[in-house]
1. Give me a count of the residues in the range 90-116 that are farther than 12 Å from residue 76 by Cβ and at pLDDT below 90.
2. Do we find a residue being of a type in the set (A, V, I, L, M, F, W, C), buried (at least 17 other Cβ atoms within 10 Å of the Cβ) and free of Cβ contacts under 8 Å to residues at least 24 places away in the same chain anywhere in the range 26-44?
3. Return yes or no: is residue 128 at pLDDT 75 or above and over 24 Å from residue 29 (Cα atoms)?
4. Regarding residue 51, is this residue among the hydrophobic types (A, V, I, L, M, F, W, C) and modelled with pLDDT of 95 or more?
5. Just to be sure, is residue 34 at pLDDT below 95, under 24 Å from residue 12 (Cα atoms) and small (Gly, Ala, Ser)?
Amino acid sequence: MEYDFLRDNDPRKAGDELVRSGKADNALEEYERGRGLDPTDPELLLRIASALDVLGRSEEALETLQNGCALHPLNAHFKRFAAALLGKLGRFNEADEMGCDAEGCALFQDEPLLLARFIWSVVHGIAMLVIDG
């Protein structure tokens, strides 16, 4: 028996299934329904931005990503996607800056223990040297 995402009322899964079937506009409706349930869900915000971009609404997608960056300032996924959209929109200086921000966040996102050490060092007033590589 095939799983019915729409019937089971999960906006993320329903939206993903709709995207796979080429119905990005309907997927966006599902994702927005999910955002109504949890407006801070980073996965939903990324999906909304993606659906908006697929629909040719890149400026709105960028706005959604910027809102996501404000809610989740250390989430590199928002910043990487925003950098790509800024480049697509011809805003290359902003894209470069956002890309650099994304890589700074990725350092902590990809290495959660490094983030914990950094927070500990800030709390205890200890300078921490981060070595790239």
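1. Taking the range 90-116 and keeping what is farther than 12 Å from residue 76 by Cβ, we get 90-97, 112-114, 116.
Those left that are additionally at pLDDT below 90: 112-114, 116.
Count: 4.
2. no
3. For residue 128, the condition - at pLDDT 75 or above and over 24 Å from residue 29 (Cα atoms) - is not met.
4. yes
5. Details: at pLDDT below 95: yes; under 24 Å from residue 12 (Cα atoms): yes; small (Gly, Ala, Ser): yes.
Answer is yes for this residue.
The values are calculated or read from the model by the stated rules, or taken from the named source; none is laboratory data. Because the structure is a prediction, the values reported are computed rather than measured. Note that we place each Cβ from the backbone using ideal geometry, even for glycine, and neighbour counts take in every protein chain shown.
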